[in-house]
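Asks: Handing you a structure now.
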Amino acid sequence: MLYQRSSALFDEAQRYIPGGVNSPVRAFKSVGGIPVFMKSAQGAYLTDEDNREYVDFINSWGPAILGHTHPMVLEAIQEQAASGFSFGAPTALENDIAKLITSVVPNTDKIRMVSSGTEACMSAIRLARGYTGKDKFIKFEGCYHGHSDSFLIKAGSGAATFGDPNSPGVTKATAQDTLLARYNDADQVKDLFRQYPNQIAAVIIEPIAGNMGCVLPEGQFLQQLRKICDEHQALLILDEVMTGFRLSIGGAQEALGINADIVTFGKVIGGGLPVGAFAACDKIMNCLSPLGSVYQAGTLSGNPLAMRAGLTTLQLIQRDKEFFNRINKTTEILHREISTILSRKGIQHCINRFGSMMSLFFNIDKVSNFQEATQADHGLFNRFFHHLLAEGIYLPPSGYETWFISDAIKEKEIDKTLEAIRKFQV
Ligand SMILES: *Cc1c(COP(=O)(O)O)cnc(C)c1O
C-alpha cells in the first residue's frame, strides 16, 4: 500500500489533534483521501513517511522559494542555534532584516516583525484604524488575510453587504465592521465608500490573489483602489504575505506599479520559520507602541532563529540578479506545456499565472473573482490531484489554492511533471 504509514499516522493524529491536522487545508478534505505525512524535504522534493518522493509545488505554501533546506539557510540556522534560541531582548539581527526589507520595498520606512501572516494582517488593520480613527474596512470575497476574527467574513450572495460571520465564534458586531466587495470590481468599492462616508479606515487586498486559486487584478483595478482610498483618506493595505519577495524584490508594489500605505508580509520572509511583518511610512508606523498608542506586541517577535533564516533567504534572493527571471521562466514553461498537453486531450481549462504563482481551473474559460473560481470543475481538479500524487507530484490539495514554484524546480522536475500529466485520463 502506497500510504501505509501516512494512513496509520493520520488515524493516530485524529485521536489527538482536531481533524488530525494543525491547519485545515492539510487534511485533504477538499480533494478527499488521506493526507500524506512528510518526514523530510530537500531541494525540489518532499519525502513521505513511506519513503516516497514528490516534486513539491506547494513549498510550504510559499516560504521554500529557494527549494527546501537550502544549505546556506541551514547553516545560518545551525550557527544561530548555537548562540541561543530566544532572548526576549533586541538583537542586531532585527536591525539587519528591517534595514534590508525597508530598503527594497517601496513606501516603507519602518517595519515590525511578528510570527505569522495572520498577526501581520490583524495588526495592520488595528494600525489603520488607530491612524485614521475609523472602524470599518473593505476586504474582497475570496481573499484570505489570516484567521483573525474580522477577516473570517463572507459575502451575502455576491452583493457587497454587511458580512455574515464565516465561522461560529465571530460575533455579529465584529462582522459589521468588515465590508465585502467583489475582486476586480472597483465600482462596488466606490459604492461602499458612498454608503459609509467617513467610516472606512482601509481597503485590504491580495494584489495577486492566491487564496481562491491564483486570480489576477484586471486593467487598472489596483490603481483605481489607490485613487478611491486617497479620495476618502483611507489606507490601502497590500497583503503581500504570498507575493512579498516572490513577485519581485519589492513585491507587488514594484511588479505591478502600485503604491501601498501598509504592506504585510509572511511566508517567504521567514525562509521556512514562523515570521510575519508589517511595514509602512514613518508617519503611520510611529503610531505603534511604544512610540504611539496603538498596542502591538509578541513574546517571540523577531526571534533570532527566525530572523537568521529569513535574513539569509532574503539576502540570497537579493544577491541573485537572475532569481526572479529564473523562477518566472520555470513557471511560464510549466504553464505553456501543461496547457498544451491538456488542450491536446481536449480538456477545457484556464491557467492563471503571475510570476511564480499559478493555478489551474478546469472546464471554465476565465476566472477573475471568487464566484468564477467556484464555477470551475473542482471534481476534475480532485481527480487530477490524486493522479499526480500517485505519480510523485505534490500539488496543493485544493482547486482554490495556488501553486508556488521554487528555484529548485529544474528541467528534470518539469519533465517528470509533464510526463505525469500526459498519463492523466479524464
Ligand atoms: C498565508 C496568508 C496569510 C496568513 O498567514 P499565516 O502565516 O498562515 O497566518 C495572510 N494573507 C495571505 C495573503 C496569505 O496567503
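The values are calculated or read from the model by the stated rules, or taken from the named source; none is laboratory data. The structure presented is a predicted model; accordingly, all values stated were derived computationally and were not measured. Glycine gets a Cβ as well: all are built from the backbone with ideal geometry, and neighbour counts include every protein chain shown. Quick note on the areas: whole protein, heavy atoms, side chains included, nothing else; ligands and nucleic acids left out. Shrake-Rupley method; radii C 1.70, N 1.55, O 1.52, S 1.80 Å.
Asks: Tell me, what is the Rg over Rh of segment 199-308, with Rh the Kirkwood radius over Cα pairs?
Replies: On the way: Rg = 14.9 Å, Rh = 15.1 Å.
Looking at segment 199-308, the ratio lands at 0.99.
Asks: Enter the accessible area per residue of segment 161-225 (Å², integer; probe 1.4 Å; all protein chains in place).
Replies: Solvent-accessible surface per residue comes out at 41 Å².
Asks: Filter the cross-link list K345/K423; K139/K190; K321/K412; K136/K172; K345/K416 down to pairs whose alpha-carbon distance in this structure exceeds 20 Å.
Replies: Those over the limit are K321/K412.
Asks: Charges on Cβ only, +1 for Lys and Arg, -1 for Asp and Glu, centred on the Cα centroid of segment 71-319; of L192, V105, Q223, which one is farthest towards the dipole's positive end?
Replies: Positive-end residue among those listed: L192.
Asks: Let me ask something else about it. Tell me, what ³J(HN,Hα) does each residue in segment 39-49 have, in order and in whole Hz, if you take phi through Karplus 6.51 cos²θ - 1.76 cosθ + 1.60 with θ = phi - 60° and put x for Gly and Pro?
Replies: Computed from phi, the couplings for segment 39-49 are 10, 7, 8, 8, x, 8, 10, 10, 10, 8, 5 Hz.
Asks: Could you order peptides 81-87, 274-280, 7-13 by the average number of other Cβ atoms within 10 Å of their residues, highest first?
Replies: Numbers: 81-87: 10.9, 274-280: 28.0, 7-13: 16.1.
Peptide ranking by packing, descending: 274-280, 7-13, 81-87.
Asks: Further question on the same structure: What's the local net charge at N107, with K and R +1, D and E -1, over the other residues with C-beta under 14 Å away?
Replies: Result for the neighbourhood of N107: -3.
Asks: Most fluctuating residue of S356, S148, S123 in a GNM of the chain with Cα springs under 10 Å: which is it?
Replies: Of S356, S148, S123, the most mobile in the Gaussian network model is S148.
Asks: A follow-up question, please. Using a 1.4 Å probe on the protein heavy atoms, what percent of the accessible area of segment 71-319 belongs to carbon and sulfur?
Replies: About 51 percent, which is the carbon plus sulfur part of the accessible surface.
Asks: Sort 255-266, 213-224, 332-343 by packing, meaning the average of other beta carbons within 10 Å per residue, with the highest value first.
Replies: 255-266, 213-224, 332-343
Asks: Something else about it: Would you mind getting the Kirkwood hydrodynamic radius of the chain from its Cα pairs, rounded to one decimal in Å?
Replies: With all distinct Cα pairs of the chain included, I get 22.2 Å.
Asks: Compare D239, D177, D149 by solvent-accessible area with a 1.4 Å probe and give them largest first, with all protein chains kept in place.
Replies: D149, D177, D239
Asks: Averaged over all directions, how much area does the convex hull of the C-alpha atoms of segment 1-111 cover when projected, in nm²?
Replies: The number I arrive at for segment 1-111 is 10.4 nm².
Asks: Would you mind classifying segment 322-426 by shape? Square roots of the alpha carbon gyration tensor eigenvalues, ordered a ≥ b ≥ c; an a/c under 1.5 is rounded, otherwise it is prolate if a/b is larger than b/c and oblate if not.
Replies: Oblate, because a/c is 1.5 or more while a/b does not exceed b/c.
Asks: Given a 1.4 Å probe and heavy atoms of the protein chains only, how would you sort I249, I414, largest accessible area at the top?
Replies: Per-residue accessible area, sorted high to low, gives I249, I414.
Asks: Would you mind working out the magnitude of the charge dipole of segment 71-319 relative to its Cα centre, with +1 at each Lys and Arg C-beta and -1 at each Asp and Glu C-beta, to the nearest 20 Debye?
Replies: 200
Asks: Moving to a separate point now. Name the most mobile residue of E49, E401, E240, meaning the one with the largest mean-square fluctuation, in a Gaussian network model of the chain with Cα contacts below 10 Å.
Replies: It is E49.
Asks: Which of the listed residues, S150, L300, L334, is farthest toward the dipole's positive end in the chain, when Lys, Arg count +1 and Asp, Glu count -1 at the beta-carbon?
Replies: S150
Asks: Taking the simple approach of a point 7 Å from Cα along Cα-to-Cβ for both K172 and D135, what is their distance in nm?
Replies: 1.5
Asks: Still on this structure, I have one more. Which value, in Å² and to the nearest 10, is the accessible area of E119 when all protein chains are kept and the probe is 1.4 Å?
Replies: Roll a 1.4 Å probe over it and E119 shows about 40 Å².
Asks: While we're on this one: Assuming a ≥ b ≥ c are the square roots of the Cα gyration tensor eigenvalues, decide whether segment 71-319 counts as rounded (a/c under 1.5), prolate (otherwise, with a/b larger than b/c) or oblate.
Replies: Note, shape of segment 71-319 comes out prolate.
Asks: Please state the shape class of segment 159-257: rounded when a/c is under 1.5, otherwise prolate if a/b exceeds b/c and oblate if not, all from the C-alpha gyration tensor.
Replies: oblate
Asks: Comparing R182, R383, R15, which has the greatest mean-square fluctuation in the GNM of the chain with Cα pairs linked when under 10 Å apart?
Replies: Maximum fluctuation in the GNM of the chain, among the listed residues, is at R15.
Asks: With +1 assigned to the C-beta of every Lys and Arg and -1 to the C-beta of every Asp and Glu, and no other charges, what is the dipole magnitude of the chain about the Cα centre in debye, to the nearest 20?
Replies: 240
Asks: Further question: With just the Cα atoms defining each centre, how far is segment 323-351 from segment 234-283? Give it in Å.
Replies: 27
Asks: Which sequence of H349, H145, H386 reflects their accessible areas, 1.4 Å probe, from the largest down? Kindly include the intermediate steps, with their values, before the conclusion.
Replies: On the way: H349 30, H145 5, H386 65 Å².
Most to least solvent-accessible, the answer reads H386, H349, H145.
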